[in-house]
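Undergrad: My questions will all concern the structure given below.
The values are calculated or read from the model by the stated rules, or taken from the named source; none is laboratory data. Just so it is clear, the model here is predicted, and its values are computed rather than measured. When we count neighbours, we look across all protein chains shown, and the Cβ atoms used for this are built from the backbone with ideal geometry, even at glycine. Areas reflect the complete protein model, heavy atoms only, side chains present, ligands, DNA and RNA absent. Shrake-Rupley method; radii C 1.70, N 1.55, O 1.52, S 1.80 Å.
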Amino acid sequence: RTGRTQLHVLDGGPGIGKSRLIEETIKVLKEKEIDNVTYTKAYEHEAGRVYSFVRKFSLELLKHNKDQRHSAEYGLLYFFVTGKEAPEELKAQVESLYMQPLRLARTIRAVMVVSSNIFAGFMDDLQWCDVRSAAVVAELIRCLGNEDKVMLEFSARSGTQEMPLAIRQALSEKKVKETHLEGLEFVDRRGTPTDILTEYVWESLKRTDPDV
């Protein structure tokens, strides 16, 4: 393994095939029995909702790591995501997650990396990510370093509707693989991938499985 978290950025124009590329990649990862895979998509109508994106990402993370449900970080993230009333002794800590992006990012990281399994997280259409969530994602990127079982992929439109500045700045501080998508072609109606899709899928596999 590389000894560091694998970060990948995918960009391209609207409707070019970014989401399709990610869907096919996830399908192949699951066929390879890499099950701890999450997919979170930002939407334009949610861009003004505080923590909309990071709540969805965290919910998927919790669903895939229920074996950690007795850990302190899992509990804090659970109450943050669901909005349910936390026990009195946890209320102050849960409230601090709302106010401190770095603390929230560290809590997410703790749930993400404790598992012995590979984790692959896909964040799609980040041009619609709300501002608070973008700050948390940026801090999460900075928190990650030598976790060689973590792969994060970030997708956004190129051009005027691009990835939030906070996330771009955080990624600029790391070693990142970038793919600019200009088009996809599929050879039959079942969607058999060719060309860049095949290359992208296998590059993703290599980032998660050194034996590929």
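Per-residue answers, yes or no, for (1) modelled with pLDDT under 95; (2) among the polar types (S, T, N, Q); (3) assigned to a strand (DSSP E or B); (4) within 20 Å of Met151 (Cα to Cα):
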| site | (1), (2), (3), (4) |
| --- | --- |
| Ala86 | yes, no, no, no |
| Leu90 | yes, no, no, no |
| Met112 | yes, no, no, yes |
| Ser115 | yes, yes, no, yes |
| Ala120 | yes, no, yes, yes |
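Undergrad: Just one of the numbered conditions (1) surrounded by fewer than 21 Cβ atoms within 10 Å (Cβ to Cβ); (2) within 27 Å of Gly145 (Cβ to Cβ); (3) β-branched (Val, Ile, Thr) is not true of Ile16; which one?
TA: All conditions are met except number (2).
Undergrad: Could I ask something else about it? Given the options Asp35, Asp67, name the one that is touching a residue at least 24 places away in the same chain (Cβ under 8 Å), of a type in the set (D, E, K, R) and not in a loop (DSSP other than H, G, I, E, B).
TA: Only one candidate passes the filter, namely Asp67.
Undergrad: Moving to a separate point now. Report every pair of residues separated by at least 6 positions or lying on different chains whose Cβ atoms are under 7 Å apart, first residue within region 45-60 and closer than 18 Å to Ala138 by Cβ, second open to solvent by 60 Å² or more (accessible area, probe 1.4 Å) and assigned to a helix (DSSP H, G or I).
TA: Pairs found: Val50/Arg132; Tyr51/Arg132.
Undergrad: Taking Asp124, is it under 22 Å from Ile34 (Cα atoms) and modelled with pLDDT of 70 or more?
TA: Judged against the criteria, Asp124 is a match.
Undergrad: Something else: Is it true that some residue in region 93-100 is β-branched (Val, Ile, Thr), surrounded by fewer than 20 Cβ atoms within 10 Å (Cβ to Cβ) and in contact with a helix residue (DSSP H, G or I) (Cβ under 7 Å, 6 or more places away or on another chain)?
TA: Checked against the condition, which is being β-branched (Val, Ile, Thr), surrounded by fewer than 20 Cβ atoms within 10 Å (Cβ to Cβ) and in contact with a helix residue (DSSP H, G or I) (Cβ under 7 Å, 6 or more places away or on another chain), region 93-100 yields no hits at all.
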